[in-house]
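Asks: Quick one: this structure, given as structure tokens, is what I'll be asking you about.
The values are calculated or read from the model by the stated rules, or taken from the named source; none is laboratory data. Only a predicted model underlies this, so the values are computations on that prediction, with no experimental measurement involved. Reconstructed Cβ throughout: ideal geometry from the backbone, glycine too, with neighbour counts over all protein chains shown.
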Amino acid sequence: MAGQVWATNELGGYMYSDTLSNILRMALQPLMRFRQHCFIDPAIGKNKGAIHHWNIYSKVATGGRALSENEAMPETNFTISQGSLTITEFGNSVPFTEKLDNLSEQPVTVVIHQVLKDDANDTLESAAHEQWDDTLLTVTPASGTSETAITVEVTGTPTATNNVAMGNSHVKLIVDEMKERNLPAFDGSNYGCIGRPATFRPIKDDLEALSMYTDRGYGDIMNGEIGRSYDGVRFFEQTSVDSEGWSNAKSDAAYFFGADTVCEGVAVPEEIRGKIPTDYGRARGVAWYSLNGFGIVHNQTGAVQNRILKWASAA
């Protein structure tokens, strides 16, 4: 049979093109927060293997110093550790019948595309979030209730139950902690924070009073961003990842971050595919598919190099 056929990928089986895949990627992007702040490692691609490694270089073991004229040049070294991620298949599909497609008043494939788009967003955002949540640095208000002091722990598991809403005083203290740790800013000059809308309510009220961005316009605001708070933190609301359901519900998990957070390895970007029809074309379907993976970058050297601080709770 000549012409376009489902049985041959190149002639229509995949039901996608470069343009279609780009549209899907653009449609997902505004919905994502954790994945939006991952970085794609350019070494990842097809035929590269399932595991990708990256090197992490320490500072020198002994710093430089002043020398006397006849003194020999001091010598030192540095250590190298490795991080890795695993490339994984992701996807989902919705089958449908030819009769439904022919008789429905609603455009079946358009509806399925929207449903699958939302599912792809939730799936990949959750996969990225799992790596963000692996950070070893957690922050709680001191004694669980302080509005003027915080406790930073380095095991990934907080010991205090968070029993206070996150306020600007907490933000200032967390930023001080990040600066003391010499963490690089994620955009060159600002830190970021991702959390659920209710967690940011006290901060949003203050931002409205301060009328942020009025001196530079709104063109630089990123997807989901609500504005800057004190000390140059940019806040991003997310709703794809469920609430952790803390026992007091006064706050929820929030992730403060600098640069070099989580790596995304991409072999095949997410794309729409059409099922090769069966039963003489009566059984049809549409799927989304991707071949990628996520890995937190700086856990391998312990908490000292972590770039993510989680506003957390023990219960």
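Asks: What do you reckon, is Ala160 surrounded by 15 or more Cβ atoms within 10 Å (Cβ to Cβ) and either under 20 Å from Cys263 (Cβ atoms) or not acidic (Asp, Glu) (or both)?
Replies: So Ala160 fits the description; yes.
Asks: For the subset of segment 119-142 comprising residues that are in contact (Cβ under 8 Å) with a residue 60 or more places away in the chain and among the polar types (S, T, N, Q), which member is farthest from Ile308 (Cα to Cα)?
Replies: Asn121
Asks: Which condition number does Val241 fail, the rest of (1) surrounded by fewer than 18 Cβ atoms within 10 Å (Cβ to Cβ); (2) at pLDDT 85 or above; (3) of a type in the set (A, V, I, L, M) being met?
Replies: It fails just one condition, (1).
Asks: Same structure, new question: Tell me the residue from Ala127, Ala61 that is of a type outside the set (Ser, Thr, Tyr), at pLDDT 90 or above, in contact with a Phe, Trp or Tyr (Cβ under 7 Å, 6 or more places away or on another chain) and assigned to a loop (DSSP other than H, G, I, E, B), please.
Replies: Ala61
Asks: Cβ contacts < 7 Å: first residue at pLDDT below 75 and hydrophobic (A, V, I, L, M, F, W, C), restricted to segment 30-50; second residue surrounded by 12 or more Cβ atoms within 10 Å (Cβ to Cβ) and in a loop (DSSP other than H, G, I, E, B), any location; separation 6+ or different chain. Result?
Replies: Sorted first by the residue in segment 30-50, then by its partner, the pairs are Leu31/Ser240.
Asks: Could you list, in sequence order, the residues of segment 259-288 that are crowded, with 19+ Cβ neighbours inside 10 Å and among the hydroxyl-bearing types (Ser, Thr, Tyr)?
Replies: Matches in segment 259-288: Thr261 only.
Asks: Among residues belonging to segment 90-120 that are of a type in the set (S, T, N, Q) and either surrounded by 15 or more Cβ atoms within 10 Å (Cβ to Cβ) or within 24 Å of Tyr280 (Cβ to Cβ) (or both), point out the one that is farthest from the chain's Cα centre (by Cα).
Replies: The residue in question is Asn102.
Asks: Could you please let me know if Asp260 is touching a residue at least 40 places away in the same chain (Cβ under 8 Å), under 15 Å from the mean Cα position of the chain (by Cα) and at positive phi?
Replies: Yes; evaluated as a whole, the condition is true for this residue.
Asks: Just checking, does segment 251-259 include any residue being in contact with a Lys or Arg (Cβ under 8 Å, 6 or more places away or on another chain), part of a loop (DSSP other than H, G, I, E, B) and at pLDDT below 90?
Replies: Looking through segment 251-259, none of the residues is in contact with a Lys or Arg (Cβ under 8 Å, 6 or more places away or on another chain), part of a loop (DSSP other than H, G, I, E, B) and at pLDDT below 90.
Asks: Please find, within segment 279-301, the residue that is nearest to the chain's Cα centre (by Cα) out of those that are farther than 19 Å from Gly49 by Cβ and in a strand (DSSP E or B).
Replies: Once the filter is applied, the top-ranked residue is Ile296.
Asks: So, Trp311, is that one buried (at least 23 other Cβ atoms within 10 Å of the Cβ) and touching a Lys or Arg at 6+ places or on another chain (Cβ under 8 Å) or not?
Replies: Against the criterion (buried (at least 23 other Cβ atoms within 10 Å of the Cβ) and touching a Lys or Arg at 6+ places or on another chain (Cβ under 8 Å)), Trp311 does not qualify.
Asks: All but one of (1) at pLDDT below 85; (2) farther than 21 Å from Asp260 by Cβ hold for Gly91; state the number of the condition that does not hold.
Replies: (1)
Asks: State yes or no: is Arg282 more than 30 Å from Asp134 (Cβ to Cβ) and touching a helix residue (DSSP H, G or I) at 6+ places or on another chain (Cβ under 6 Å)?
Replies: Judged against the criteria, Arg282 is a match.
Asks: Can I ask one more? When you look at Ser81, is it modelled with pLDDT under 95, outside any helix (DSSP H, G or I), surrounded by fewer than 17 Cβ atoms within 10 Å (Cβ to Cβ) and of a type in the set (Gly, Ala, Ser), yes or no?
Replies: yes
Asks: Still on this structure, please answer the following. Which ones in segment 175-209 are within 17 Å of Ala249 (Cα to Cα) and either in contact with a Cys (Cβ under 7 Å, 6 or more places away or on another chain) or in contact (Cβ under 8 Å) with a residue 60 or more places away in the chain (or both)?
Replies: Listed by number, the residues that qualify are Gly195, Thr199.
Asks: Restricting attention to segment 224-251, and to residues there that are within 29 Å of Gly91 (Cα to Cα) and of a type in the set (D, E, K, R), which single residue is farthest from the chain's Cα centre (by Cα)?
Replies: Per the criteria, the residue is Glu244.
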